[in-house]
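What follows is a single structure, written as structure tokens, with notes after it.
The values are calculated or read from the model by the stated rules, or taken from the named source; none is laboratory data. As the structure is a prediction and not an experimental result, all values here were calculated from the model. Backbone-built Cβ (ideal geometry, glycine too); neighbour counts: all protein chains shown.
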Amino acid sequence: MSGQKPKVAFFDFTGCEGCQLNKLNFENELLDLLELVDIVEFREAMDGKADYYDIAFIEGGISTPQCIERIHDIRRRCGVMVALGQCAVSGGINAMKNLHPSEWVQEAVYGEDKYLFPSIPAQPVSAIVNVDYEVRGCPMSAPEYLHVFKSLILGRKPEIKDYAVCVECKLKENECVLDKGMFCLGPITRAGCEAICPSNGQYCTGCRGPVSNINRDGAVDMLKKHGYSTEEALKRMKMFNTNEIDKEIKWGR
Amino acid sequence: MSTDLNINVHHVTRVEGHGNIVVDMKKGNLNKAQLEIVEPPRFFEAMLKGRNFHEVAIITSRICGICSLGHQMTSLKATEAALGLEVSEQTEILRKILIHGSTFQSNILHALFLATPDFFKVGSVFPLVKTNKAVVEAALRLKRLANDIGDVISGRAVHPISCVPGGFTKLPSEDDLRTLRDKIVTQGLPDAELAIDALASVAHEIPPFERETEYISVYSDKEYALYDGDICSSDTGLYPVEKYLEVTNEFVVDHSSSKHARFNRDSYMVGALARFNNSYALLKPKAKDVAAKLGLEAPNYNPYMNTVAQVVEVVHCVEDTLEMIDYLLDTGIKQEKPNQEPTRYGRGIATTEVPRGILFHDYTYNRQGMIDKANCIIPTGQNLANIDDDMKKLVPEIIAEGKDAITRKLEMLVRAYDPCISCSVHMLDVEFIE
């Protein structure tokens, strides 16, 4: 990369494009960033295409056969691949459809015409190709994205947090959400969001996925003590993380 | 002059989501002129089944990153209607400010960052950083300001946090509102003026094309309706929101993974131009001045002018937001908790104007407060048939201009509608065969 600005590209797969939008929302830093890199492909914002990318940012998950073809093609032509946002990292909210038999999903939406509409389970990008770095969250955390972006340009390895949202929530001096009588997934969810939801009076929805080696049974027991059934607790844990929690359950057994 | 024409634009740029433009003309006969929607399906209606009413708006805001606030508001209103939850006047005003902020943000993003490069004949906003830096900086500050509205009132502009069924989990402080107000007055208004002047200087680049169609929007006789109202057709008048299925009449076509819609004619238009045409009289005076300056009169039948209508709406939203903030500061922010005690369980239907047009959410809840059935009808889906009909009229009119010019004008046409394709295919996927 020396002497030349790194070539950066952004690609969108199955998702809401909110993470891409968040990226355009660095109104203050955007022009400075543009000095440091060449953005060679970003369909949502510009015309033009390129053959090679030093860094490819991938937003959205994999949910059709076409997605699989496209992601292989990009992987072949890029240096570093970064999954942006929870859909790319874990399949995200789209993976909730994996909870139901695909027959049922298609019937619920299309009725008698279900046979017209094939679909595959929503999966993370890393289920198909090798992913070098992840920026978690729904939407992705903007400061974390800036950190990863800057680290990659400087040739450093980005630091990724692996402790619970509760730590950040305590640092914010918020009243414990569970103690307030609300549901919360802070104890098992990976930090990095500055506990933005509890700080705004909401519960943690687990949008950044679980910390590594979660004590899932412990989490379910804790939620049971606060009045939630095992079924309800698991259902809510799966909202953004169906693939990860389901894998956890299979290992648990 | 050739009478054969074959255009295939794979994945149109500077729009939200994935769509292709396909035109096929042989010996002067137009066989095909259409926008193909190839975005993967999401199946939100199926995901919602069995979900608790606290979770529903969190899920539906993820239908779209750009209109997440609009989906959230519509979702909350539908849930509240289904569960019989009343909300306070303060909640309603704060939500109206949020909808204004969302319209402001999205319209700026589209008009200044995605559509305007066409008028300057460049491929994106990035080259304009060098040639028109002051305007790009003003546009960036405007977008930041619009996002500030979402950040201050709902905790986060993309996938908002604190607005929940029955009210807000956290209220903005009066200081926050005062700071926001000052920023709008001292920075937002001058920046908006700069951006409008820049747009006025290139307004002659907007293609002169007309096709009168049916315009459908939310309407209220009290205000330029965005947050709430009846359904209004420019052809046949007002309908209560409960009649939405009779208005939208969704149907499947083989070239689009999103359903099309039609009401009194083969197609209808929703979005900024439809709202402008139906509710012009209710715009704030400054917005009317800007419309006159940019050459937009009601009714206007040029779909390319949708971009100009968006800018007019930005001015309206800014003016109205200032008035609402003043009202809240006069009365003072009341510390109230969200009303989350359902008084009934059943069906609730709601409509809101999101930046791209009229949006419907329709939920049925069971007695445990869980979703039994859900349906969402999205503005971009409603516009698709109208875009195809525009193309069919436009292509023969400009056939002498050659393939490159035609392709460019068709891309500009699709962009003018500011399509939000992720939204429109929140549920459907159809393979098309060429």
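Could you tell me whether B:I58 is facing chain A (nearest Cβ under 10 Å), over 21 Å from B:V312 (Cβ atoms), part of a helix (DSSP H, G or I) and of a type in the set (A, V, I, L, M, F, W, C)? Considered against the rule, which asks whether it is facing chain A (nearest Cβ under 10 Å), over 21 Å from B:V312 (Cβ atoms), part of a helix (DSSP H, G or I) and of a type in the set (A, V, I, L, M, F, W, C), B:I58 comes out as yes.
Quick grid of which residues meet (1) touching a helix residue (DSSP H, G or I) at 6+ places or on another chain (Cβ under 9 Å); (2) among the charged types (D, E, K, R):
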residue	(1), (2)
B:A203	yes, no
B:S220	yes, no
B:P240	no, no
B:Y244	no, no
B:R262	yes, yes
B:N277	yes, no
B:K284	yes, yes
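Scan the range B:102-116 and give yes if some residue there is within 8 Å of chain A (Cβ to nearest Cβ), buried (at least 24 other Cβ atoms within 10 Å of the Cβ) and of a type in the set (V, I, T), otherwise no. The answer is no; no qualifying residue exists. Taking the range B:235-264, which residues are at pLDDT below 95, closer than 23 Å to B:A416 by Cα and in a loop (DSSP other than H, G, I, E, B)? Within the range B:235-264, B:E250, B:V253, B:H255, B:S257, B:S258, B:K259, B:A261, B:R262 qualify. Do we have B:A78 as out of contact with any helix residue (DSSP H, G or I) (no Cβ under 8 Å at 6 or more places or on another chain), more than 14 Å from chain A (Cβ to nearest Cβ) and either at pLDDT below 85 or not in a strand (DSSP E or B) (or both) here? Here the answer is yes, as B:A78 does meet what is asked. List, please: which pairs have Cβ atoms under 7 Å, are six or more places apart or on different chains, and start with a residue in the range A:227-239 that is within 12 Å of chain B (Cβ to nearest Cβ) and surrounded by fewer than 19 Cβ atoms within 10 Å (Cβ to Cβ) and end with one that is of a type outside the set (G, A, S) and outside any helix (DSSP H, G or I)? So the pair list comes out as A:Y228/A:F183. Under the condition of being assigned to a loop (DSSP other than H, G, I, E, B), without any contact (Cβ under 8 Å) to a residue 40 or more places away in the chain and more than 24 Å from A:V40 (Cα to Cα), the residues counted in the range B:124-167 number 4. When the criteria are applied in full, A:N243 meets the requirement of being in contact with a helix residue (DSSP H, G or I) (Cβ under 9 Å, 6 or more places away or on another chain), part of a helix (DSSP H, G or I) and polar (S, T, N, Q). For B:K121, the requirement of being of a type outside the set (S, T, N, Q), at positive phi and either surrounded by fewer than 21 Cβ atoms within 10 Å (Cβ to Cβ) or part of a helix (DSSP H, G or I) (or both) is met.
List the pairs whose first member sits in the range A:157-181 and is more than 18 Å from A:V89 (Cβ to Cβ), whose second member is of a type in the set (S, T, N, Q) and buried (at least 17 other Cβ atoms within 10 Å of the Cβ), and whose Cβ atoms are under 6 Å apart, counting only residues at least 6 apart or on separate chains? Once the first residue is more than 18 Å from A:V89 (Cβ to Cβ) and sits in the range A:157-181, its partners that are of a type in the set (S, T, N, Q) and buried (at least 17 other Cβ atoms within 10 Å of the Cβ) give A:K172/A:S199; A:N174/A:S199. Of the strands (runs of 3 or more DSSP E) lying entirely inside the range A:1-113, those containing at least 2 residues that are at pLDDT 90 or above, over 23 Å from A:I245 (Cα atoms) and under 19 Å from the mean Cα position of the chain (by Cα) are A:7-12, A:53-59, A:78-84. Total residues in the range B:188-219 satisfying the condition of being under 21 Å from the mean Cα position of the chain (by Cα) and outside any helix (DSSP H, G or I): the figure is 10. Annotation: A:G201 fulfils all but one of (1) crowded, with 20+ Cβ neighbours inside 10 Å; (2) without any contact (Cβ under 8 Å) to a residue 12 or more places away in the chain; (3) touching a helix residue (DSSP H, G or I) at 6+ places or on another chain (Cβ under 9 Å); the unmet one is (3).
Annotation for the range B:133-145: no member residue is surrounded by fewer than 24 Cβ atoms within 10 Å (Cβ to Cβ), modelled with pLDDT of 95 or more, over 21 Å from the mean Cα position of the chain (by Cα) and away from every other protein chain (no Cβ under 11 Å). Of the conditions (1) touching a Leu at 6+ places or on another chain (Cβ under 9 Å); (2) within 8 Å of another protein chain (Cβ to nearest Cβ); (3) not in a loop (DSSP other than H, G, I, E, B), B:L94 satisfies every one except a single condition; which number is it? With (1) touching a Leu at 6+ places or on another chain (Cβ under 9 Å); (2) within 8 Å of another protein chain (Cβ to nearest Cβ); (3) not in a loop (DSSP other than H, G, I, E, B) applied to B:L94, the lone miss is (2). When B:T213, B:T248, B:T236, B:T179 are checked against the criterion of being hydroxyl-bearing (S, T, Y) and under 19 Å from B:K392 (Cα atoms), a single residue qualifies: B:T213.
Listed here are the residues, each with its yes/no results for (1) more than 19 Å from A:V40 (Cβ to Cβ); (2) at the interface with chain B (Cβ under 10 Å from one of its Cβ atoms); (3) in contact (Cβ under 8 Å) with a residue 24 or more places away in the chain; (4) of a type in the set (A, V, I, L, M).
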residue: A:Y53; (1), (2), (3), (4): no, no, yes, no
residue: A:R77; (1), (2), (3), (4): no, no, yes, no
residue: A:Q86; (1), (2), (3), (4): yes, yes, yes, no
residue: A:N94; (1), (2), (3), (4): yes, yes, yes, no
residue: A:S102; (1), (2), (3), (4): yes, yes, no, no
residue: A:E107; (1), (2), (3), (4): yes, yes, no, no
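In the range A:182-198, which residues are at the interface with another protein chain (Cβ under 8 Å from one of its Cβ atoms) and either surrounded by fewer than 21 Cβ atoms within 10 Å (Cβ to Cβ) or of a type in the set (S, T, N, Q) (or both)? Across the range A:182-198, the qualifying residues are A:F183, A:I196.
Inclusion of B:I349 among residues that are among the β-branched types (V, I, T), part of a loop (DSSP other than H, G, I, E, B) and under 22 Å from B:K96 (Cα atoms) is not warranted. Filtering the range B:346-368 to residues that are surrounded by fewer than 18 Cβ atoms within 10 Å (Cβ to Cβ) and either modelled with pLDDT of 95 or more or farther than 19 Å from B:A46 by Cβ (or both) leaves B:G346, B:R347, B:T364, B:N366, B:R367. When B:L114 is tested against (1) in contact (Cβ under 8 Å) with a residue 24 or more places away in the chain; (2) under 30 Å from B:L48 (Cβ atoms), only condition (2) is not met. When each of A:C176, A:C169, A:C207 is tested for being outside any loop (DSSP other than H, G, I, E, B) and closer than 23 Å to B:T169 by Cβ, the lone residue that passes is A:C169. Here A:I214 fulfils each of the conditions (1) modelled with pLDDT of 90 or more; (2) outside any helix (DSSP H, G or I) apart from (1).
Residue-wise test of (1) under 25 Å from B:H159 (Cα atoms); (2) among the hydroxyl-bearing types (S, T, Y); (3) under 20 Å from the mean Cα position of the chain (by Cα).
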position: A:G192; (1), (2), (3): yes, no, yes
position: A:C197; (1), (2), (3): yes, no, yes
position: A:T205; (1), (2), (3): yes, yes, yes
position: A:V211; (1), (2), (3): yes, no, yes
position: A:D221; (1), (2), (3): no, no, no
position: A:H226; (1), (2), (3): no, no, no
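A count restricted to the range B:265-294 and to residues that are surrounded by 20 or more Cβ atoms within 10 Å (Cβ to Cβ), assigned to a loop (DSSP other than H, G, I, E, B) and of a type in the set (A, V, I, L, M, F, W, C) stands at 2.
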